[in-house]
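Written below as structure tokens is the structure these notes are about.
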Amino acid sequence: MRIAVVGGGVVGCAVALELARRDAAVVLFEAEPELGLAASGTNSGILHTGFDSTPGELETELILRGAALRPRVIGELGIPVLKCGAELGGAPPELLDNARRNGVEAELREDGTLVVPGEWVTDPVAYTLGLGAAAEAAGAELRTGARVDDDLPGFDRVVNCAGLHADTVARLFGDRSFEVYPRKGEFLVFAVPLDRILLPVPAKGTKGVLVFPTLDGRCVAGPTAVDADDKDDWSVRERAREEIVAKAVAMHPPLDGARPVAAYAGLRPAGRGVNYVVGPSRADARLVNVAAIRSTGLSASLGIAEHVADLLVEGPARRPLAPGRPPVAAGPWWRRTAEHRAIV
Ligand SMILES: Cc1cc2nc3c(=O)[nH]c(=O)nc-3n(C[C@H](O)[C@H](O)[C@H](O)COP(=O)(O)OP(=O)(O)OC[C@H]3O[C@@H](n4cnc5c(N)ncnc54)[C@H](O)[C@@H]3O)c2cc1C
């Protein structure tokens, strides 16, 4: 079976890897000159456990499965991670119950801090490029600078992992069933060290502003959550700074008075009224949508890939998981997409 994967973010790369390991003939098309230059290159880099996710939802199921598959994949591909754990102050006891229902290890301290040791930080660009390189090593063909603008007639199946533009790609197949809009998240980077992830109490629909360490010894505060319209506007709003700093200092007092060394923004591929649109399209049997993966796609990518591959190719992976040679991105990952989008 000839399968096209449209989109070289973390989801498309994970899907291409899993399909190639099951011996499908896979070609991945990425519009940008390199992989991981959209949401997958501008997020918080947190590998979530799913402790706070709603039990029973597809998103939760795929995060939990992604977390189970993760240690082996990052170990074998040499993807860098900080196994630092997360702390959430003032946690309502229901959060501990939620973590237990999802089978995630967590502990509620007497001072009301919830500790979740399995929450890790990665370099999300290295993660995406590592999966892409492994997909290539397993036999997938990666075509960058290759924007898809027709229904790819040479392929038996097309997996739509086009992030913010997944609705446009679906329309090429006559599928108008969903719409994707940008939900902007802005971040500030500080030259201040931190040894764990600091989380706020999540509100409905948002994980809120957090503070997390980077692999290169800095810390980052963010993201904001701003519903936007312009899929090309990657700028950081002037007032984002005060919105972020007040919340970040409350969680991590050493940030008081610290000047950010950089700022960047990411655009979450948010579905209008829908989340995790994953499955065959009703409009065209050749199309499988993997769209509106808004806030947790890095964490869930391996679970999503397994789920999608199960829809397309029977049986387990036949080819070994082997590291390819990922291109080395210059400078810290959080600067790469921002520079590409000209926002620093
Ligand atoms: C601010 C922010 C914070 C986040 N924090 C986290 C976090 O801590 N942990 C976590 O797990 N997740 C987090 N996420 C979510 C995560 O980043 C996304 O869920 C994930 O990156 C989505 O991956 P994707 O591959 O679906 O989309 P993308 O990364 O957007 O990739 C889609 C790709 O498709 C390409 N494309 C589009 N149209 C075409 C076309 N016609 N032809 C060819 N290619 C095309 C694009 O160029 C792009 O590279 C965050 C997201 C944001 C923005």
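The values are calculated or read from the model by the stated rules, or taken from the named source; none is laboratory data. Keep in mind it's a predicted model, so treat the numbers as computed, not measured. All Cβ positions, glycine included, derive from the backbone under ideal geometry; neighbour counts span all protein chains shown. The protein model used for the area step is the full one, side chains on, heavy atoms only, and it has no ligands, DNA or RNA in it. Shrake-Rupley method; radii C 1.70, N 1.55, O 1.52, S 1.80 Å.
When the residues of segment 5-25 are narrowed to those that are part of a strand (DSSP E or B) and buried (at least 24 other Cβ atoms within 10 Å of the Cβ), which ends up nearest to the ligand (Cβ to nearest atom)?
Across segment 5-25, the extreme among qualifying residues is V6.
Run down N98, N102, N160 and say which single residue is surrounded by fewer than 22 Cβ atoms within 10 Å (Cβ to Cβ) and within 16 Å of the ligand (Cβ to nearest atom).
N102
Working only within segment 31-46, note down all residues that are part of a loop (DSSP other than H, G, I, E, B) and either within 6 Å of the ligand (Cβ to nearest atom) or within 22 Å of L210 (Cα to Cα) (or both).
A31, E32, L37, A38, T42, N43, S44, G45 - these are the residues of segment 31-46 that are part of a loop (DSSP other than H, G, I, E, B) and either within 6 Å of the ligand (Cβ to nearest atom) or within 22 Å of L210 (Cα to Cα) (or both).
Anything in segment 25-55 that is of a type in the set (A, V, I, L, M) and under 10 Å from G8 (Cα atoms)? List them, or say none.
Our first condition is that a residue be of a type in the set (A, V, I, L, M); within segment 25-55, this holds for 25-28, 31, 35, 37-39, 46-47.
Answer for segment 25-55, where residues must be of a type in the set (A, V, I, L, M) and under 10 Å from G8 (Cα atoms): L28, A31, L35, L37, A38.
Taking S281 as meeting all but one of (1) surrounded by fewer than 16 Cβ atoms within 10 Å (Cβ to Cβ); (2) modelled with pLDDT of 95 or more, write down the number of the exception.
The failed condition is (1).
Of the residues G90, G66, which single one is modelled with pLDDT under 95 and not hydrophobic (A, V, I, L, M, F, W, C)?
Details: G66 fails: modelled with pLDDT under 95.
Answer to the selection: G90.
From the list L28, L131, L64, pick out the single residue that is assigned to a strand (DSSP E or B) and either in contact (Cβ under 8 Å) with a residue 12 or more places away in the chain or open to solvent by less than 30 Å² (accessible area, probe 1.4 Å) (or both).
Only one candidate qualifies: L28.
Which members of segment 52-61 meet the condition of being out of contact with any helix residue (DSSP H, G or I) (no Cβ under 7 Å at 6 or more places or on another chain) and either closer than 24 Å to D216 by Cβ or part of a loop (DSSP other than H, G, I, E, B) (or both)?
G56, E57
Strands (runs of 3 or more DSSP E) wholly in segment 216-329 with at least 3 residues that are under 23 Å from R171 (Cβ atoms) - which ones?
On the way: elements: 219-222, 262-271, 277-280, 287-291.
Qualifying strands (runs of 3 or more DSSP E): 262-271, 277-280, 287-291.
Please work out if A228 is within 13 Å of the ligand (Cβ to nearest atom), open to solvent by 10 Å² or more (accessible area, probe 1.4 Å), in contact (Cβ under 8 Å) with a residue 12 or more places away in the chain and touching a Pro at 6+ places or on another chain (Cβ under 6 Å).
yes
Which of (1) open to solvent by less than 40 Å² (accessible area, probe 1.4 Å); (2) part of a helix (DSSP H, G or I) is the odd one out, the single condition G112 does not satisfy?
(2)
T49 - would you say it is open to solvent by 40 Å² or more (accessible area, probe 1.4 Å) and part of a loop (DSSP other than H, G, I, E, B)?
No, not satisfied.
From V169, V189, which residue is in contact with a strand residue (DSSP E or B) (Cβ under 9 Å, 6 or more places away or on another chain) and assigned to a strand (DSSP E or B)?
The unique qualifying residue is V189.
Could you please find all residues in segment 163-196 being within 9 Å of the ligand (Cβ to nearest atom) and either among the charged types (D, E, K, R) or within 24 Å of the chain's Cα centre (by Cα) (or both)?
Across segment 163-196, the qualifying residues are G163, L164, H165, A166, T168, V169, P182, R183, K184, G185, E186, F187.
Kindly indicate which of A329, A322 is more than 11 Å from the ligand (Cβ to nearest atom), within 21 Å of R22 (Cβ to Cβ) and among the small types (G, A, S).
Values: A329 fails: within 21 Å of R22 (Cβ to Cβ).
Among A329, A322, only A322 is more than 11 Å from the ligand (Cβ to nearest atom), within 21 Å of R22 (Cβ to Cβ) and among the small types (G, A, S).
Filter segment 197-214 down to the residues that are more than 14 Å from the ligand (Cβ to nearest atom) and touching a residue at least 12 places away in the same chain (Cβ under 8 Å) and list them by number.
Going residue by residue through segment 197-214, those that are more than 14 Å from the ligand (Cβ to nearest atom) are 201, 203-204.
Correct list: V201 only.
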